[in-house]
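The values are calculated or read from the model by the stated rules, or taken from the named source; none is laboratory data. This structure is a prediction, so every number in the text was calculated from the model and none was measured. Reconstructed Cβ throughout: ideal geometry from the backbone, glycine too, with neighbour counts over all protein chains shown.
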Amino acid sequence: MTIKVGDKIPSTKLKYKAADGVKDITTDELFGGKKVVLFALPGAFTPTCSAKHVPGFVQRAAEIKAKGVDTIACLSVNDAFVMGAWGKEQNADGKVMMLADGNGDFTKAVDLELDARANGLGIRSRRYAMVVENGVVKALNVEAPGAFEVSSAEAILKAL
């Protein structure tokens, strides 16, 4: 069943690329005792994700954090090396944490998978954004297939 407002974030492990290598972070560490904006997308270096989704959060990071958000995180079913390289290309350092859900464990746990096998992309994440406070979903904006409206940085600013 798809995660919804009021649900607790499931416990899983994600990865990110740090200066000294790939690191693990659990969802308990990421969300526990914090206010987090997590946005997810189908893939690194893909057109809408690279031209609109990530840039919006990078550009609006200060405004979002000014609303009491501790962390802004981008999640994709890619590996940590790809997410790290994409974050550098997007100038996300210090603004948006680039998280790898390489096996799709988190994406499966929240039931927001996207079957992109017809395009040769395998199973990916749907495009969405959520506000999480101390591990509990406070807002969840899931896009219709092919859309980019409710998960943008501007939409999340309104939700905050």
#### Entry: Scope the stretch 1-42; condition farther than 17 Å from ALA109 by Cβ and among the charged types (D, E, K, R); matching residues
LYS17, ASP20, LYS23, LYS34, LYS35
### Query
Looking at LYS8, LYS17, LYS4, LYS65, which is the one that is surrounded by 15 or more Cβ atoms within 10 Å (Cβ to Cβ), under 20 Å from LEU140 (Cα atoms), touching a strand residue (DSSP E or B) at 6+ places or on another chain (Cβ under 9 Å) and among the basic types (Lys, Arg)?
LYS65
### Message
Looking only at strands (runs of 3 or more DSSP E) that lie completely in the stretch 95-146, which have at least 2 residues being under 13 Å from the mean Cα position of the chain (by Cα) and either within 21 Å of SER11 (Cβ to Cβ) or not aliphatic (A, V, I, L, M) (or both)?
### Response
97-100, 123-125, 128-133, 136-142
### Residue pairs meeting the criteria (Cβ under 6 Å; at least 6 apart or on separate chains; first over 14 Å from ILE3 (Cα atoms), in the stretch 133-160; second modelled with pLDDT under 95)
PHE148/THR48; PHE148/LYS52
### Selected residue (only one of ASP24, ASP70, ASP7 is at pLDDT 95 or above, among the acidic types (Asp, Glu) and closer than 30 Å to ASN119 by Cα)
ASP24
### Summary
For the stretch 95-137 the number of residues that are modelled with pLDDT under 95 and either surrounded by fewer than 14 Cβ atoms within 10 Å (Cβ to Cβ) or closer than 22 Å to LYS35 by Cβ (or both) is 6
### Task
May I ask you to list pairs of residues, at least six apart or on different chains, whose Cβ atoms are under 7 Å apart, with the first in the stretch 74-102 being aromatic (Phe, Trp, Tyr) and the second being crowded, with 17+ Cβ neighbours inside 10 Å?
PHE81/LYS17; TRP86/ALA44; TRP86/MET98
### Filter result (among the acidic types (Asp, Glu), free of Cβ contacts under 8 Å to residues at least 40 places away in the same chain and farther than 15 Å from THR71 by Cβ) within the stretch 7-33
ASP20, ASP24
#### Entry: Test set (1) in contact (Cβ under 8 Å) with a residue 40 or more places away in the chain; (2) within 23 Å of ILE123 (Cβ to Cβ); (3) polar (S, T, N, Q) - GLN59 fails condition number
(2)
### Residue list for the stretch 84-94, restricted to those being of a type in the set (A, V, I, L, M) and in a loop (DSSP other than H, G, I, E, B)
ALA92
### Query
Do we find a residue being at pLDDT 95 or above, over 26 Å from GLY122 (Cα atoms) and buried (at least 20 other Cβ atoms within 10 Å of the Cβ) anywhere in the stretch 33-49?
yes
### Query
Looking only at residues in the stretch 138-152 that are at pLDDT 95 or above and not β-branched (Val, Ile, Thr), which one is farthest from LEU30 (Cα to Cα)?
GLU143
